[in-house]
Amino acid sequence: MAGLIVYFSRKHQNYINGVIRDLDVGNTETAARMIQKLTNADLFQIEPLQEYSRDYNECIAQAQADQRRNARPELRRYPEETEKYDTIYLGYPKMEQGYICV
């Protein structure tokens, strides 16, 4: 059996060490790729059909609105054949004091 790393990551503007910075690759994707090197697991990136804003503050507002209404945004695609995996790692942004920390 094999492993699968399923992750949602935010590139573009991110809040890092007290400063908003523009990232080419999100923090969760970076962590997912590190896990992949250690485990040889397959990667699957979760991508919402409707992208969140690239602007950090607008993205925060969108994410908070989604949380308040318990939204489940439609995805661009879904993993195929998850039955073949015995281990699935899940990586996603952490909400902390109203901020997304990816």
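The table for this structure:
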{"quantity": "Of Asn27, Val6, Leu75, farthest towards positive along the dipole that unit charges on Lys, Arg, Asp, Glu beta carbons give the chain", "calculated": "Asn27"}
{"quantity": "Only Lys, Arg (+1) and Asp, Glu (-1) charged, at Cβ; the chain dipole about Cα centre in debye", "calculated": "220"}
{"quantity": "Value of [θ]222 nm, deg cm²/dmol, for the chain, DSSP H segments ≥ 4, -39500 (n - 2.57) each, nearest 500", "calculated": "-8000 deg cm²/dmol"}
{"quantity": "Sequence-distant lysines (8 or more away, or on other chains) whose Cα lies within less than 26 Å of Lys84", "calculated": "Lys37"}
{"quantity": "Sites Asn17 and Leu90, calculated FRET efficiency, Cβ-Cβ separation with R0 25 Å, nearest 0.05", "calculated": "0.50"}
{"quantity": "Cα-projected label distance for Glu51 with Ile35, points at 7 Å along beta-carbon direction, nm", "calculated": "2.4"}
{"quantity": "Whether the stretch 7-85 is rounded, prolate or oblate, judged on the alpha carbon gyration tensor where a/c under 1.5 counts as rounded", "calculated": "oblate"}
{"quantity": "By average C-beta atoms within 10 angstrom, highest first, the peptides 13-25, 32-44, 52-64, 71-83", "calculated": "52-64, 32-44, 13-25, 71-83"}
{"quantity": "Carbon and sulfur %, accessible surface of the stretch 9-54 computed with the full protein complex present, 1.4 Å", "calculated": "47"}
{"quantity": "Crossing angle, helix 56-68 versus the chain [Cα axis fit, 0-90 degrees, rounded to tens]", "calculated": "70"}
{"quantity": "Accessible area per residue, Å², the chain with all protein chains present, probe 1.4 Å", "calculated": "71"}
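The values are calculated or read from the model by the stated rules, or taken from the named source; none is laboratory data. Just so it is clear, the structure is predicted and the values come from calculations on it, not from any experiment. Heads up, the Cβs are rebuilt from the backbone with ideal geometry, glycines too, and the neighbour counts pull from every protein chain shown. What goes into the accessible areas is simple: the full protein's heavy atoms, side chains included, and nothing from ligands, DNA or RNA. Shrake-Rupley method; radii C 1.70, N 1.55, O 1.52, S 1.80 Å.
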